[in-house]
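The values are calculated or read from the model by the stated rules, or taken from the named source; none is laboratory data. All figures in this text were calculated on a predicted structure; none of them were measured in a lab. Reconstructed Cβ throughout: ideal geometry from the backbone, glycine too, with neighbour counts over all protein chains shown. Side chains are part of the model used for accessible areas, which takes the heavy atoms of the whole protein and leaves out ligands, DNA and RNA. Shrake-Rupley method; radii C 1.70, N 1.55, O 1.52, S 1.80 Å.
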Amino acid sequence: MLTPREIIAQAWTVTTTERALKRWGFFGSFFEILLDIKLIIYQIYFIESYINGGNAGLFDIEIYLYHAIPPVIFWTLIGLFLLLVIIELFVPSLSSGAIIGLAAKAHNREPMTGGLVLAMYNFFPMLELHGLFIFSSIPILITALSVILRYGSGLQPILVTVTMVIWIVSNILKFFSSFTEPGIVVGKQGVFAAGAKSIKLIVSYLPHVVFLFLLLTVISLRILANTLIITLIPAIMMGGGVLLTYILSPMISYSIAGLIGLALTVVAAYFFAYLHVFKQAVWTIMYMELMKEKELDKIG
């Protein structure tokens, strides 16, 4: 079996040399970051309103746009917004199947073809798995805490505690399910069968897995960097939009700020495509190496 350092090195080689993996990584990262940015923008607005003593509503931004622009443009934007949200919810699950499958092919030195087939064939199991761990996301945690603090009706301390416990437990379970995605794509198992196998592998080879996890965390620092980026981009957009209103009309100002934010999102997605592919490749190669080993509960 390859050592954790050898797995890291091979995963990085695969990430930097295979163009198909980078394309799928960018595809998934771009729409994932877009969804996170939307969530953060709303929370920034609610926080700013709360600090200034206002009473922010859930659809304040939409109501403002309804009165500020022609109805045809407004309903077109709403339709595009809803379509984009649907795409953002589904694309990460679609791209994960392709990335894992292609990473496995690269590890076996097979032709790098069939990305779309891998994406579509594994879409529903991956969507189910991602739905199970939706509460492990930091933007979702921020959104949940924001809703509790605004509408908790005196139960905020209890609800915040419960939410934090759910988030911590979800992340612990997510760690023990690290091999579930490769189990679905490479092992052709169902979600729960792959999850049970993942727990067994991690418990059986815990020192190797923990060492690999620490190496991966130190090298990528993806969670911290992603949190900073998705917080920084909305801040730049909103700050730039406010500053431009002193020179231009509000609609033009916020349109320019939106285009700047989109450009920054593309740059961020290109950067995170490498990290996303690298992370998936590490766990996929580790899974394939562990599957070559004899299971510890088998005798003879």
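Among the residues of the stretch 251-277, those that are at pLDDT 75 or above, among the hydroxyl-bearing types (Ser, Thr, Tyr) and either in contact with a Ser or Thr (Cβ under 7 Å, 6 or more places away or on another chain) or within 20 Å of residue 16 (Cβ to Cβ) (or both) comprise 270, 274.
Could you go through the stretch 224-238 and let me know if any residue there is at pLDDT 75 or above, open to solvent by 40 Å² or more (accessible area, probe 1.4 Å) and over 21 Å from the mean Cα position of the chain (by Cα). Checked the stretch 224-238: no residue is at pLDDT 75 or above, open to solvent by 40 Å² or more (accessible area, probe 1.4 Å) and over 21 Å from the mean Cα position of the chain (by Cα). Scoring residue 180 on the criteria (1) crowded, with 16+ Cβ neighbours inside 10 Å; (2) modelled with pLDDT under 90 leaves a single failure, condition (2).
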